[in-house]
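Step one of this worksheet: look at the structure below.
The values are calculated or read from the model by the stated rules, or taken from the named source; none is laboratory data. As the structure is a prediction and not an experimental result, all values here were calculated from the model. Counting neighbours? That spans all protein chains shown, and the Cβs are built from the backbone with ideal geometry, glycine included.
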Amino acid sequence: MSPQLTLALSKGRIFDETLPLLAAAGIEVGEDVETSRKLILPTNRPDLRVVLVRATDVPTYVQQGGADLGVAGRDVLLEHAAASDAIALVQPLDLQIARCRMSVAVRADFDYARAVRQGSRLRVATKYTHTARQHFADKGVHVDLIKLYGSMELAPLTGLADAIVDLVSTGSTLKANHLVEVEKVMDISSRLVVNPASLKLKREPIRRLIDAFAATIARREGAPS
């Protein structure tokens, strides 16, 4: 009998876009996440269950052994790695799901290029403080970082910050709040992460799942699987 695997997912786009990958591997989640109040969901395989956690908690659950595997965005993983001194998570696959970008945005009437050129010290609001700090340090731009957890677009509008660093998908939220994207920090997608101990102890079932995901990604991209 195969050892049981626990997969940590967060509700929303990542969960929705992981389901087809699971389905391609012959795995179906046994509860409707929209109607169920359960946080531990069975699948049609007795050796695999899904736990629902906050997106920012996925790396912690996997790192601390609360889950064997998880799916988390590159943004979350970078912040977690910078704040953690524990053993690094294994990242065997970029799943190419939940794609977006992390960008710098400012009020439409703020001359970002001039401020940077003149060496101004910028106030930047973000929840991605480690990534933002590294980005501006690489550019030689002096910043004071203000950590916020939501409604990021308000910061420039209220004078709290000159700029924000946040995730952007279509850009419609920025436009609705009279903000403009002035610089891309990086592209973001979600990755499969694995607990290093689980990879050793449960190598075969984890490898089968990784291989199934990889084959589906390859087919999507038109490459031989």
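Values computed for the structure shown
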{"quantity": "Evaluation of I97 against (1) in contact with a strand residue (DSSP E or B) (Cβ under 7 Å, 6 or more places away or on another chain); (2) at pLDDT below 95; (3) β-branched (V, I, T) (one fails), failing number", "calculated": "(2)"}
{"quantity": "Test result for T131, outside the structural domain of D211 (by TED's automatic domain parsing) and closer than 21 Å to K175 by Cβ", "calculated": "no"}
{"quantity": "Test set (1) surrounded by fewer than 20 Cβ atoms within 10 Å (Cβ to Cβ); (2) closer than 22 Å to H135 by Cβ - T43 fails condition number", "calculated": "(2)"}
{"quantity": "Number of positions in the range 114-133 that are within 21 Å of D187 (Cα to Cα) and touching a residue at least 24 places away in the same chain (Cβ under 8 Å)", "calculated": "9"}
{"quantity": "Condition check for T60: polar (S, T, N, Q) and either loosely packed, with under 13 Cβ neighbours inside 10 Å or touching a strand residue (DSSP E or B) at 6+ places or on another chain (Cβ under 6 Å) (or both)", "calculated": "no"}
{"quantity": "Within the range 135-177, considering residues that are closer than 18 Å to A81 by Cβ and in contact (Cβ under 8 Å) with a residue 40 or more places away in the chain, the one nearest to the chain's Cα centre (by Cα)", "calculated": "L167"}
{"quantity": "Cβ-Cβ under 6 Å pairs, at least 6 apart or on other chains, the range 204-218 side under 14 Å from A23 (Cα atoms), far side part of a helix (DSSP H, G or I)", "calculated": "F213/L21; T216/L21; T216/A24"}
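For every residue, the table says whether it meets (1) in contact with a helix residue (DSSP H, G or I) (Cβ under 8 Å, 6 or more places away or on another chain); (2) buried (at least 19 other Cβ atoms within 10 Å of the Cβ); (3) farther than 20 Å from I14 by Cα.
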site	(1), (2), (3)
R133	no, no, yes
A137	no, no, yes
G140	no, no, yes
L160	yes, no, yes
L167	yes, no, no
N177	yes, no, yes
E183	yes, no, yes
